[in-house]
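Structure first, commentary second.
What follows draws every value from the coordinates through simple rules; no lab data is involved. Predicted model only: the values in this text are computed from it and were never measured. In this analysis, Cβ positions are derived from the backbone assuming ideal geometry, glycine residues included, and neighbour counts consider all displayed protein chains.
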Amino acid sequence: MARQTGPVCVLCRREGMKLFLKGQRCYTPKCAVSRRAYAPGEHGQTKKKMSEYAIQLREKQRAKRIYGVLETQFRRYFRAAARKKGVTGETLLQLLERRLDNVVYRLGFAGSRPQARQLVLHGHIMVNGHKVNIPSYLVRAGDRVSFAPSSRELEMVKSLVEAAKARSTPPWLEVSPENYEGTVLRLPSREEIDTPITEHLIVELYSK
């Protein structure tokens, strides 16, 4: 599957905001958005008036880059959200938040979503006591997400869990760092999703 293999900081600059793809670096003066707050490329500093379509497309691209999802998979999420009852945009964000790599990040067990994705792919994460190495796995209310017993002795994992103690956890999740695990109390509501996305623009884009 195609992935971003170059510098991810250019993605943040393209979106004009921090997407927190580099973990702790995003909070330091080394952050590319802090140093060069304009889009990459020769014409990055040229201000252009965006059309309605361009604004909607930009919103979709931002959502894809924040959650690390490619176009085909993102479109599947939208179709699934459109089939469910309720507000399509909110349901779409809820599906993205339920991804296992996002939940690991939200629990504070990773400094960024890309790092959380790597932890899942490498078999460090378990759901309800079973190892799951699929980042797109959708968690459900009541699921218990934890580090595999063999991974808990790794210094990297210990430092991640220690860092999780200082991070705030969304109210729909409960974290227990001393047990190397967290629990999905319920599915998130729109008010509990702080991702900077205007979802109705995405719905309008796909509805054309």
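The calculated FRET efficiency for Glu71 paired with Arg152, based on their beta-carbon distance and R0 = 30 Å, is about 0.25. Ignoring aspartates and glutamates fewer than eight residues from Lys49 along the same chain, the ones with Cα atoms less than 16 angstrom from its Cα are Glu15, Glu59. The GluC sites (Glu not before Pro) of region 150-198 that meet both conditions, a loop assignment by DSSP and at most 13 other Cβ atoms within 10 Å of the site Cβ, are Glu153. The stretch between Ile134 and Leu121 holds 4.0 nm of extra length on full extension. This uses 0.36 nm per residue minus the Cα-Cα distance. Size estimate for region 99-184 follows the Kirkwood approach: the inverse of mean 1/r over distinct Cα pairs works out to 12.2 Å. Can you check what the net charge comes to around Val87, using other residues whose Cβ is under 11 Å from the Cβ of Val87 (Lys, Arg +1; Asp, Glu -1)? Every neighbour counted, the sum reads +1. Taking label positions 7 Å along the Cα-Cβ direction at both Asn179 and Thr198, the computed distance is 4.2 nm, reported to one decimal.
Arranged by the count of other C-beta atoms within 10 angstrom, fewest first, what order do Ile193, Ile55, Ile202, Ile66 take? Write down the numbers at each step before the final one.
Working: Ile193 17, Ile55 13, Ile202 25, Ile66 21.
So the residues, fewest neighbours to most, are Ile55, Ile193, Ile66, Ile202.
Among the trypsin sites (Lys or Arg not before Pro) within region 144-195, which fall in a DSSP loop and have no more than 15 other Cβ atoms within 10 Å of their own Cβ?
On the way: sites: Arg144, Arg152, Lys158, Lys165, Arg167, Arg186, Arg190; in loops: Arg152, Lys165, Arg167, Arg186.
Taking region 144-195 and a limit of 15 other Cβ atoms within 10 Å, the loop trypsin sites (Lys or Arg not before Pro) found are Arg152, Lys165, Arg167, Arg186.
Oblate is the label for region 53-105, because the ratio a/c of its alpha-carbon gyration tensor axes (a ≥ b ≥ c) is 1.5 or higher and a/b is not greater than b/c.
In the neighborhood of Leu100, defined by Cβ-to-Cβ distances under 10 Å, what is the net charge if each Lys or Arg adds +1 and each Asp or Glu adds -1? With Lys, Arg at +1 and Asp, Glu at -1, the net is +1.
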